[in-house]
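These notes concern the structure reproduced below.
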Amino acid sequence: MANNSNSSRANKAQLQNFKTEVAGALNVNLKQGYNGDLTAREAGSIGGEMVKRMIAYAESNIGGGNMMK
């Protein structure tokens, strides 16, 4: 179980780093901790861009680029 817990923490850290990277690319001021001062548009743009990048990554690495054709 301890190994699974460490893996979970590592995954959370990677996701936080990814979120911070995307926020920086979108010029959204994302702080450590509380970010309740973000507008819904800013928060949504971060999440939307993260999903877009994850889909592009999956398509290029899994070979799903022609799924919709």
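What the table below lists for this structure:
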item: Yes/no for ASN27 being modelled with pLDDT of 95 or more and polar (S, T, N, Q); result: yes
item: Failed condition for ALA58, given (1) exposed (fewer than 11 other Cβ atoms within 10 Å of the Cβ); (2) at negative phi; (3) among the small types (Gly, Ala, Ser); result: (1)
item: Flag if SER45 is assigned to a helix (DSSP H, G or I), surrounded by 10 or more Cβ atoms within 10 Å (Cβ to Cβ) and more than 14 Å from the chain's Cα centre (by Cα); result: no
item: Segment 10-34, residues that are surrounded by 10 or more Cβ atoms within 10 Å (Cβ to Cβ) and either part of a loop (DSSP other than H, G, I, E, B) or among the basic types (Lys, Arg) (or both); result: LYS12, LYS19, LEU26, VAL28, ASN29, LEU30, LYS31
item: Tally of residues being among the aliphatic types (A, V, I, L, M) and farther than 15 Å from ILE46 by Cβ across segment 1-34; result: 4
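The values are calculated or read from the model by the stated rules, or taken from the named source; none is laboratory data. On a predicted model such as this, the values are computed, not experimentally measured, just so you know. Please note: Cβ atoms are built from the backbone with ideal geometry, for glycine as well, and neighbour counts cover all protein chains shown.
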